[in-house]
1. What residues qualify as long-range amide H neighbours of residue 84, i.e. H under 5 Å apart, gap of 5 or more or another chain, H built at 1.01 Å from N?
2. Can you send over the carbon and sulfur percentage of the accessible area for the range 346-388, probe radius 1.4 Å, protein chains only?
3. Would you mind checking which residues have amide H under 5 Å from residue 332's amide H? H placed 1.01 Å from N; only 5 or more apart, or other chain.
4. ³J(HN,Hα) across the range 216-225 via Karplus (A = 6.51, B = -1.76, C = 1.60, θ = phi - 60°), whole Hz, x for Gly/Pro?
5. May I ask you to evaluate 6.51 cos²θ - 1.76 cosθ + 1.60, the Karplus curve with θ = phi - 60°, for each residue of the range 167-184 and list the ³J(HN,Hα) values in order in whole Hz, giving x for glycine and proline?
6. Cα convex hull of the chain: how many Å³ per residue?
7. Could you tell me whether the range 161-263 comes out rounded, prolate or oblate from its Cα gyration tensor? Rule is a ≥ b ≥ c as square roots of the eigenvalues, rounded for a/c under 1.5, then prolate if a/b exceeds b/c, otherwise oblate.
8. Given only helices, namely DSSP H runs of n ≥ 4 each adding -39500 (n - 2.57), what is the per-residue ellipticity at 222 nm of the chain, to the nearest 500 deg cm²/dmol?
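The values are calculated or read from the model by the stated rules, or taken from the named source; none is laboratory data. Since the structure is predicted, the reported quantities are computational estimates derived from the model, not experimental observations. Note that each Cβ is placed from the backbone with ideal geometry, even for glycine, and that neighbours are counted across all protein chains shown. All accessible areas refer to the heavy atoms of the entire protein, side chains included, with ligands and DNA or RNA removed. Shrake-Rupley method; radii C 1.70, N 1.55, O 1.52, S 1.80 Å.
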Amino acid sequence: MLYDADDHNVIIRVGENHNVKEFRAHSSILRARSAYFKSALSSKWNDKKDKNDMIKFEKPNINPNVFVIILKYIYTGEVDLTVNSGEVNLELLVSSDELLLEELFNHVQDYLIEKQKTWVQQNFILVLKSVFKLINCKKLLDSCLELICAHPLPFFFSNNFTSLDINVLRELLKRDDLQIEEINVWNSLIKWGIEQTPGLKHKNNRDEWTNKNYEDLKNTLKEFIPLIRFTCINSGDFFDKVRPYKAIIPNNIYEDIMEFYLKEISPNSIPLTPRIGTNHIGSTIIKPNLASAIINYIEEKYHNYQRSRYDYGYSCNYQRGENDHKYKFDLLYRSGRDYFSSDDFKNKCYRQIPCLVLISVHSSPKIFGGYSPIGVYFCNGSQWHYTTGSFIFSFENSGNIKSMKISRVTCHNYALYEFYDCAFNFGGGCMTLDNDKNLHFKDQGYYQNFQVNTSYAIKEVEAFRVVKQ
(Lines give C-alpha, C1' and ligand atoms only; values in the text may rest on other atoms or scores of the structure.)
Protein backbone atom coordinates (compact mmCIF):
# COMPACT_ATOMS: atom_id res chain seq x y z
CA MET A 1 0.00 0.00 0.00
CA LEU A 2 2.90 2.36 0.75
CA TYR A 3 4.57 1.85 -2.62
CA ASP A 4 1.82 0.66 -4.97
CA ALA A 5 -1.46 2.36 -4.03
CA ASP A 6 -2.67 5.19 -6.26
CA ASP A 7 -5.23 6.62 -3.88
CA HIS A 8 -2.85 8.70 -1.77
CA ASN A 9 -4.02 12.21 -0.88
CA VAL A 10 -0.96 13.69 0.84
CA ILE A 11 2.31 14.90 -0.64
CA ILE A 12 5.10 15.62 1.86
CA ARG A 13 8.12 17.52 0.59
CA VAL A 14 11.13 16.63 2.76
CA GLY A 15 14.65 18.06 2.91
CA GLU A 16 16.27 21.23 1.66
CA ASN A 17 18.71 22.62 -0.89
CA HIS A 18 19.81 19.83 -3.24
CA ASN A 19 18.63 17.04 -0.95
CA VAL A 20 14.84 17.20 -1.43
CA LYS A 21 12.36 14.41 -2.05
CA GLU A 22 8.57 14.16 -2.27
CA PHE A 23 6.68 11.37 -0.54
CA ARG A 24 3.08 10.33 -1.20
CA ALA A 25 0.96 8.92 1.61
CA HIS A 26 -2.57 8.43 2.91
CA SER A 27 -3.93 10.92 5.39
CA SER A 28 -6.00 8.27 7.18
CA ILE A 29 -2.90 6.17 7.95
CA LEU A 30 -0.77 9.14 8.92
CA ARG A 31 -3.44 10.42 11.31
CA ALA A 32 -3.97 6.99 12.89
CA ARG A 33 -0.28 6.40 13.55
CA SER A 34 1.03 9.84 14.49
CA ALA A 35 -0.39 12.47 16.85
CA TYR A 36 1.59 15.05 14.89
CA PHE A 37 -0.09 14.14 11.61
CA LYS A 38 -3.45 13.85 13.33
CA SER A 39 -3.18 17.51 14.20
CA ALA A 40 -1.43 18.56 11.00
CA LEU A 41 -4.02 16.90 8.76
CA SER A 42 -7.04 18.29 10.60
CA SER A 43 -9.59 20.53 8.95
CA LYS A 44 -7.43 23.61 9.48
CA TRP A 45 -5.14 22.28 6.77
CA ASN A 46 -7.89 22.26 4.15
CA ASP A 47 -6.51 25.46 2.67
CA LYS A 48 -3.32 23.51 1.84
CA LYS A 49 -5.15 21.37 -0.74
CA ASP A 50 -4.40 21.90 -4.38
CA LYS A 51 -6.91 21.74 -7.21
CA ASN A 52 -6.75 17.94 -7.14
CA ASP A 53 -7.69 17.84 -3.44
CA MET A 54 -4.12 16.80 -2.63
CA ILE A 55 -2.80 17.97 0.76
CA LYS A 56 0.72 19.37 0.56
CA PHE A 57 3.13 20.47 3.24
CA GLU A 58 6.88 20.60 3.75
CA LYS A 59 9.35 19.27 6.31
CA PRO A 60 12.68 20.85 5.32
CA ASN A 61 14.40 19.92 8.62
CA ILE A 62 14.06 16.15 8.10
CA ASN A 63 16.56 14.20 6.01
CA PRO A 64 14.80 12.34 3.13
CA ASN A 65 16.73 9.13 3.94
CA VAL A 66 15.43 9.30 7.49
CA PHE A 67 11.88 9.99 6.37
CA VAL A 68 11.95 6.80 4.29
CA ILE A 69 12.49 4.88 7.53
CA ILE A 70 9.77 6.83 9.32
CA LEU A 71 7.19 6.35 6.57
CA LYS A 72 7.90 2.63 6.41
CA TYR A 73 7.48 2.43 10.19
CA ILE A 74 4.16 4.31 10.02
CA TYR A 75 2.80 1.89 7.45
CA THR A 76 4.27 -1.40 8.70
CA GLY A 77 5.24 -0.87 12.33
CA GLU A 78 8.68 -2.24 11.49
CA VAL A 79 12.15 -0.69 11.73
CA ASP A 80 15.64 -2.23 11.55
CA LEU A 81 18.08 0.00 13.42
CA THR A 82 20.99 -2.40 12.98
CA VAL A 83 21.52 -1.33 9.37
CA ASN A 84 21.75 2.36 10.27
CA SER A 85 24.80 4.34 11.27
CA GLY A 86 24.77 6.14 14.59
CA GLU A 87 24.27 9.45 12.79
CA VAL A 88 21.19 8.18 10.95
CA ASN A 89 19.70 6.78 14.15
CA LEU A 90 20.34 10.09 15.90
CA GLU A 91 18.49 11.95 13.14
CA LEU A 92 15.74 9.34 13.35
CA LEU A 93 15.47 9.98 17.08
CA VAL A 94 15.10 13.73 16.65
CA SER A 95 12.60 13.37 13.79
CA SER A 96 10.46 10.77 15.59
CA ASP A 97 10.32 13.14 18.57
CA GLU A 98 9.09 15.95 16.33
CA LEU A 99 6.49 13.73 14.67
CA LEU A 100 5.31 12.42 18.08
CA LEU A 101 6.06 8.79 17.26
CA GLU A 102 6.55 7.80 20.88
CA GLU A 103 7.08 4.07 20.41
CA LEU A 104 9.68 4.58 17.67
CA PHE A 105 11.34 7.34 19.66
CA ASN A 106 11.76 5.18 22.78
CA HIS A 107 13.08 2.27 20.72
CA VAL A 108 15.70 4.42 18.97
CA GLN A 109 16.76 6.13 22.20
CA ASP A 110 17.30 2.79 23.95
CA TYR A 111 19.20 1.44 20.94
CA LEU A 112 21.61 4.38 20.91
CA ILE A 113 22.26 3.98 24.65
CA GLU A 114 22.61 0.21 24.70
CA LYS A 115 23.87 -0.80 21.24
CA GLN A 116 25.64 2.25 19.83
CA LYS A 117 27.32 3.44 23.00
CA THR A 118 30.78 3.57 21.38
CA TRP A 119 29.53 5.76 18.55
CA VAL A 120 27.80 8.04 21.05
CA GLN A 121 31.05 8.39 23.03
CA GLN A 122 32.96 9.23 19.86
CA ASN A 123 30.39 11.86 18.90
CA PHE A 124 29.40 13.44 22.22
CA ILE A 125 29.42 16.97 20.78
CA LEU A 126 26.99 16.09 17.98
CA VAL A 127 24.71 14.02 20.21
CA LEU A 128 24.55 16.62 22.98
CA LYS A 129 23.88 19.43 20.53
CA SER A 130 21.04 17.41 18.98
CA VAL A 131 19.26 16.30 22.15
CA PHE A 132 20.02 18.86 24.85
CA LYS A 133 16.88 20.95 24.31
CA LEU A 134 14.56 18.00 23.64
CA ILE A 135 12.63 17.23 26.81
CA ASN A 136 11.90 13.65 25.78
CA CYS A 137 15.60 12.92 25.20
CA LYS A 138 16.45 13.19 28.88
CA LYS A 139 17.37 9.51 29.09
CA LEU A 140 20.00 9.81 26.35
CA LEU A 141 21.18 13.18 27.65
CA ASP A 142 21.66 11.80 31.16
CA SER A 143 23.49 8.78 29.76
CA CYS A 144 25.89 11.05 27.83
CA LEU A 145 26.55 13.29 30.82
CA GLU A 146 27.14 10.31 33.10
CA LEU A 147 29.58 8.77 30.62
CA ILE A 148 31.45 12.06 30.33
CA CYS A 149 31.55 12.55 34.10
CA ALA A 150 32.90 9.02 34.66
CA HIS A 151 35.65 9.38 32.01
CA PRO A 152 35.96 13.08 31.28
CA LEU A 153 39.57 13.48 30.11
CA PRO A 154 39.14 12.28 26.49
CA PHE A 155 36.15 14.60 26.12
CA PHE A 156 37.69 17.67 27.76
CA PHE A 157 40.97 17.21 25.89
CA SER A 158 39.39 16.53 22.48
CA ASN A 159 39.80 18.98 19.61
CA ASN A 160 36.01 19.27 19.40
CA PHE A 161 35.58 20.49 22.96
CA THR A 162 35.78 24.14 21.92
CA SER A 163 32.64 23.68 19.79
CA LEU A 164 30.60 22.46 22.76
CA ASP A 165 27.21 24.12 23.16
CA ILE A 166 27.13 26.75 25.89
CA ASN A 167 24.17 25.11 27.65
CA VAL A 168 25.85 21.71 27.76
CA LEU A 169 29.05 23.22 29.16
CA ARG A 170 27.08 25.00 31.88
CA GLU A 171 25.35 21.74 32.82
CA LEU A 172 28.66 19.86 33.03
CA LEU A 173 30.37 22.44 35.23
CA LYS A 174 27.46 22.37 37.67
CA ARG A 175 27.78 18.64 38.25
CA ASP A 176 29.36 17.22 41.41
CA ASP A 177 30.12 13.85 39.77
CA LEU A 178 32.49 15.24 37.13
CA GLN A 179 35.58 13.15 37.92
CA ILE A 180 38.32 15.47 36.74
CA GLU A 181 40.93 17.59 38.45
CA GLU A 182 39.68 21.16 38.68
CA ILE A 183 42.77 22.60 36.99
CA ASN A 184 41.88 20.58 33.88
CA VAL A 185 38.38 22.05 33.99
CA TRP A 186 39.90 25.52 34.15
CA ASN A 187 42.33 24.90 31.28
CA SER A 188 39.57 23.52 29.06
CA LEU A 189 37.24 26.38 29.94
CA ILE A 190 39.88 28.94 28.92
CA LYS A 191 40.37 27.19 25.56
CA TRP A 192 36.61 27.08 25.02
CA GLY A 193 36.25 30.76 25.93
CA ILE A 194 39.04 31.84 23.58
CA GLU A 195 37.38 29.97 20.72
CA GLN A 196 34.05 31.66 21.43
CA THR A 197 35.47 35.18 21.76
CA PRO A 198 35.82 37.25 18.56
CA GLY A 199 39.35 38.49 18.05
CA LEU A 200 41.05 35.87 20.24
CA LYS A 201 40.83 32.70 18.16
CA HIS A 202 44.05 33.40 16.26
CA LYS A 203 45.93 35.27 19.01
CA ASN A 204 48.10 32.45 20.32
CA ASN A 205 50.51 34.78 22.13
CA ARG A 206 48.83 36.17 25.23
CA ASP A 207 51.44 38.95 25.37
CA GLU A 208 49.67 40.44 22.37
CA TRP A 209 46.31 40.61 24.09
CA THR A 210 44.84 44.03 24.76
CA ASN A 211 42.75 45.07 27.74
CA LYS A 212 39.72 44.79 25.47
CA ASN A 213 40.65 41.16 24.65
CA TYR A 214 40.63 40.30 28.35
CA GLU A 215 37.36 42.17 28.86
CA ASP A 216 35.77 40.29 25.95
CA LEU A 217 36.93 36.95 27.35
CA LYS A 218 35.59 37.95 30.76
CA ASN A 219 32.17 38.61 29.22
CA THR A 220 32.25 35.26 27.42
CA LEU A 221 33.00 33.35 30.62
CA LYS A 222 31.16 35.46 33.18
CA GLU A 223 28.55 32.81 33.96
CA PHE A 224 31.13 30.00 34.16
CA ILE A 225 33.80 31.46 36.45
CA PRO A 226 31.58 31.11 39.58
CA LEU A 227 31.18 27.40 38.76
CA ILE A 228 34.92 26.68 39.05
CA ARG A 229 35.90 25.10 42.37
CA PHE A 230 39.06 27.10 42.91
CA THR A 231 39.67 25.65 46.38
CA CYS A 232 40.38 22.31 44.67
CA ILE A 233 43.23 23.82 42.63
CA ASN A 234 46.60 23.68 44.36
CA SER A 235 48.52 26.90 44.86
CA GLY A 236 51.19 26.03 42.29
CA ASP A 237 48.66 25.46 39.52
CA PHE A 238 46.76 28.55 40.59
CA PHE A 239 49.89 30.69 40.31
CA ASP A 240 50.95 29.26 36.94
CA LYS A 241 47.62 28.75 35.18
CA VAL A 242 44.89 30.79 36.85
CA ARG A 243 46.65 33.94 38.03
CA PRO A 244 47.64 34.99 34.46
CA TYR A 245 43.90 35.37 33.78
CA LYS A 246 43.23 37.46 36.86
CA ALA A 247 41.61 40.14 34.67
CA ILE A 248 38.73 37.84 33.71
CA ILE A 249 37.90 36.82 37.30
CA PRO A 250 35.47 39.07 39.21
CA ASN A 251 37.24 40.96 41.99
CA ASN A 252 35.16 39.48 44.80
CA ILE A 253 35.91 35.93 43.66
CA TYR A 254 39.62 36.61 43.21
CA GLU A 255 39.89 38.18 46.67
CA ASP A 256 38.09 35.21 48.20
CA ILE A 257 40.49 32.81 46.47
CA MET A 258 43.55 34.70 47.67
CA GLU A 259 42.18 34.77 51.21
CA PHE A 260 41.71 31.01 51.00
CA TYR A 261 45.31 30.42 49.90
CA LEU A 262 46.96 32.94 52.20
CA LYS A 263 44.76 32.85 55.31
CA GLU A 264 43.01 29.47 54.86
CA ILE A 265 39.59 31.11 55.11
CA SER A 266 36.87 29.36 53.12
CA PRO A 267 35.44 31.61 50.38
CA ASN A 268 31.77 32.52 50.15
CA SER A 269 31.52 33.35 46.44
CA ILE A 270 32.38 29.98 44.85
CA PRO A 271 31.42 26.30 45.34
CA LEU A 272 33.34 24.60 48.13
CA THR A 273 32.18 21.02 47.67
CA PRO A 274 34.80 18.96 45.79
CA ARG A 275 33.58 17.05 42.79
CA ILE A 276 32.79 13.45 43.74
CA GLY A 277 35.49 11.06 42.66
CA THR A 278 38.34 13.54 42.41
CA ASN A 279 39.74 12.58 45.83
CA HIS A 280 39.62 16.09 47.27
CA ILE A 281 38.79 16.63 50.90
CA GLY A 282 36.67 19.39 52.39
CA SER A 283 39.09 20.21 55.16
CA THR A 284 40.00 23.48 56.82
CA ILE A 285 43.24 21.92 58.06
CA ILE A 286 44.87 20.65 54.85
CA LYS A 287 44.66 21.75 51.23
CA PRO A 288 42.49 19.55 48.98
CA ASN A 289 45.44 18.29 46.94
CA LEU A 290 46.90 16.42 49.94
CA ALA A 291 44.00 13.95 49.87
CA SER A 292 45.58 12.02 46.99
CA ALA A 293 48.81 11.54 48.97
CA ILE A 294 46.84 10.13 51.91
CA ILE A 295 44.91 7.79 49.59
CA ASN A 296 48.14 6.53 48.03
CA TYR A 297 49.32 5.49 51.49
CA ILE A 298 45.95 3.91 52.28
CA GLU A 299 46.35 1.82 49.11
CA GLU A 300 50.08 1.33 49.85
CA LYS A 301 51.20 2.86 46.56
CA TYR A 302 54.62 4.00 47.74
CA HIS A 303 58.21 2.81 48.01
CA ASN A 304 60.60 2.46 50.95
CA TYR A 305 63.70 4.58 51.32
CA GLN A 306 66.63 4.68 53.75
CA ARG A 307 69.05 7.59 53.51
CA SER A 308 70.83 6.82 56.75
CA ARG A 309 70.50 4.74 59.88
CA TYR A 310 68.04 7.23 61.34
CA ASP A 311 66.38 8.50 58.15
CA TYR A 312 64.15 5.91 56.55
CA GLY A 313 60.47 5.58 55.79
CA TYR A 314 58.15 5.87 52.78
CA SER A 315 57.98 8.08 49.74
CA CYS A 316 55.26 8.29 47.12
CA ASN A 317 55.37 10.01 43.73
CA TYR A 318 52.48 7.97 42.32
CA GLN A 319 50.16 10.04 40.13
CA ARG A 320 46.58 8.88 40.39
CA GLY A 321 44.62 8.48 37.14
CA GLU A 322 41.08 7.86 36.05
CA ASN A 323 41.50 4.08 36.41
CA ASP A 324 42.35 4.34 40.10
CA HIS A 325 39.74 3.96 42.79
CA LYS A 326 38.02 7.20 43.77
CA TYR A 327 37.29 8.15 47.38
CA LYS A 328 35.14 10.62 49.18
CA PHE A 329 35.66 12.00 52.67
CA ASP A 330 32.53 12.39 54.76
CA LEU A 331 33.06 14.90 57.56
CA LEU A 332 32.17 13.37 60.92
CA TYR A 333 33.56 15.94 63.31
CA ARG A 334 35.19 19.37 63.25
CA SER A 335 36.08 21.00 66.57
CA GLY A 336 35.65 24.50 65.15
CA ARG A 337 32.13 23.61 64.13
CA ASP A 338 31.08 21.19 66.87
CA TYR A 339 33.13 22.62 69.76
CA PHE A 340 35.86 20.40 71.11
CA SER A 341 35.12 17.70 73.63
CA SER A 342 36.43 14.17 73.59
CA ASP A 343 32.94 12.83 74.34
CA ASP A 344 31.50 14.64 71.34
CA PHE A 345 34.35 13.34 69.18
CA LYS A 346 33.70 9.79 70.36
CA ASN A 347 29.96 10.02 69.78
CA LYS A 348 30.37 11.27 66.21
CA CYS A 349 33.16 8.82 65.36
CA TYR A 350 31.66 5.77 67.07
CA ARG A 351 32.21 2.75 64.82
CA GLN A 352 32.74 4.95 61.75
CA ILE A 353 35.05 2.97 59.49
CA PRO A 354 37.48 3.59 57.96
CA CYS A 355 38.39 6.81 59.74
CA LEU A 356 40.88 9.63 59.11
CA VAL A 357 41.77 12.24 61.73
CA LEU A 358 43.58 15.53 61.04
CA ILE A 359 45.01 17.90 63.66
CA SER A 360 46.52 21.38 63.51
CA VAL A 361 48.40 22.77 66.51
CA HIS A 362 49.16 26.22 67.93
CA SER A 363 52.94 26.23 68.19
CA SER A 364 53.88 24.72 64.82
CA PRO A 365 52.80 24.92 61.16
CA LYS A 366 52.93 21.13 61.05
CA ILE A 367 49.78 19.11 60.37
CA PHE A 368 49.35 15.72 62.05
CA GLY A 369 46.99 12.89 61.30
CA GLY A 370 46.15 9.24 61.57
CA TYR A 371 44.24 6.66 59.56
CA SER A 372 42.59 3.48 60.77
CA PRO A 373 40.61 1.05 58.60
CA ILE A 374 38.75 -0.13 61.71
CA GLY A 375 37.87 3.30 63.11
CA VAL A 376 39.21 5.08 66.18
CA TYR A 377 36.49 4.58 68.80
CA PHE A 378 34.58 1.39 69.63
CA CYS A 379 33.10 1.92 73.13
CA ASN A 380 34.61 -1.33 74.34
CA GLY A 381 36.46 -0.09 77.40
CA SER A 382 40.20 -0.16 77.99
CA GLN A 383 41.60 -2.55 75.43
CA TRP A 384 43.84 -2.93 72.38
CA HIS A 385 42.58 -3.24 68.83
CA TYR A 386 44.22 -5.13 65.97
CA THR A 387 44.72 -3.89 62.43
CA THR A 388 47.47 -4.09 59.83
CA GLY A 389 46.42 -0.99 57.92
CA SER A 390 46.68 1.95 60.32
CA PHE A 391 49.30 4.67 60.10
CA ILE A 392 50.10 8.10 61.55
CA PHE A 393 51.61 10.94 59.56
CA SER A 394 52.61 14.57 59.43
CA PHE A 395 52.97 17.37 56.87
CA GLU A 396 55.34 20.28 57.34
CA ASN A 397 52.47 22.60 56.40
CA SER A 398 48.91 22.44 55.10
CA GLY A 399 49.78 22.27 51.42
CA ASN A 400 53.19 20.65 50.93
CA ILE A 401 52.67 17.13 49.63
CA LYS A 402 56.41 16.36 49.45
CA SER A 403 56.88 16.91 53.17
CA MET A 404 54.63 14.05 54.28
CA LYS A 405 56.17 11.71 56.83
CA ILE A 406 54.40 8.48 57.64
CA SER A 407 54.74 5.73 60.24
CA ARG A 408 52.89 2.48 59.63
CA VAL A 409 51.86 0.13 62.41
CA THR A 410 54.38 -2.69 62.94
CA CYS A 411 52.88 -4.34 66.05
CA HIS A 412 49.44 -5.08 64.68
CA ASN A 413 47.97 -6.24 67.97
CA TYR A 414 48.74 -2.80 69.44
CA ALA A 415 47.58 -0.60 66.58
CA LEU A 416 45.00 1.33 68.63
CA TYR A 417 44.25 1.57 72.31
CA GLU A 418 40.90 2.58 73.70
CA PHE A 419 40.89 4.50 76.97
CA TYR A 420 38.35 6.71 78.71
CA ASP A 421 40.55 9.81 79.09
CA CYS A 422 41.36 10.39 75.42
CA ALA A 423 39.54 10.99 72.14
CA PHE A 424 41.80 8.60 70.23
CA ASN A 425 45.01 6.71 70.89
CA PHE A 426 47.23 5.26 68.17
CA GLY A 427 49.70 2.69 69.49
CA GLY A 428 49.07 3.18 73.19
CA GLY A 429 50.52 6.68 73.21
CA CYS A 430 52.33 7.01 69.87
CA MET A 431 49.74 9.66 69.00
CA THR A 432 47.07 10.55 71.55
CA LEU A 433 44.50 13.31 71.82
CA ASP A 434 43.56 13.80 75.46
CA ASN A 435 40.51 15.41 77.06
CA ASP A 436 42.41 18.65 77.74
CA LYS A 437 42.96 19.56 74.06
CA ASN A 438 46.54 18.33 73.95
CA LEU A 439 48.14 16.13 71.32
CA HIS A 440 50.88 13.84 72.65
CA PHE A 441 53.54 11.83 70.83
CA LYS A 442 55.66 9.12 72.42
CA ASP A 443 57.79 6.38 70.91
CA GLN A 444 56.15 3.16 72.14
CA GLY A 445 57.75 0.97 69.47
CA TYR A 446 54.48 0.00 67.82
CA TYR A 447 54.78 2.22 64.73
CA GLN A 448 57.74 2.12 62.34
CA ASN A 449 60.37 4.86 62.41
CA PHE A 450 58.59 6.74 65.15
CA GLN A 451 61.06 8.58 67.36
CA VAL A 452 59.04 11.59 68.51
CA ASN A 453 58.42 12.55 72.12
CA THR A 454 56.57 15.85 72.40
CA SER A 455 53.19 17.49 73.04
CA TYR A 456 51.17 20.27 71.40
CA ALA A 457 48.09 22.30 72.24
CA ILE A 458 45.59 21.63 69.48
CA LYS A 459 44.09 24.32 67.26
CA GLU A 460 41.64 22.25 65.19
CA VAL A 461 40.61 18.60 64.94
CA GLU A 462 38.72 16.95 62.09
CA ALA A 463 37.55 13.41 61.53
CA PHE A 464 36.36 11.92 58.23
CA ARG A 465 34.86 8.63 57.19
CA VAL A 466 36.80 7.44 54.13
CA VAL A 467 34.55 5.87 51.49
CA LYS A 468 35.80 4.04 48.41
CA GLN A 469 33.46 4.74 45.50
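1. none
2. Details: 920 of 1880 Å².
Percent of accessible area from carbon and sulfur atoms in the range 346-388: 49.
3. For residue 332, whose amide H was placed from the backbone, the distant partners under 5 Å are 463, 464, 465.
4. 5, 5, 4, 5, 5, 9, 4, 8, 9, 4
5. With coefficients 6.51, -1.76 and 1.60, one gets 5, 5, 4, 4, 5, 5, 5, 7, 6, 7, 9, 6, 8, 8, 5, 5, 5, 6 Hz.
6. Details: hull volume 99.9 nm³, N = 469.
Value for the chain: 213 Å³ per residue.
7. Since a/c reaches 1.5 but b/c is at least a/b, the shape of the range 161-263 is classed as oblate.
8. Working: 16 runs with 152 residues, N = 469.
Computed mean residue ellipticity for the chain: -9500 deg cm²/dmol.
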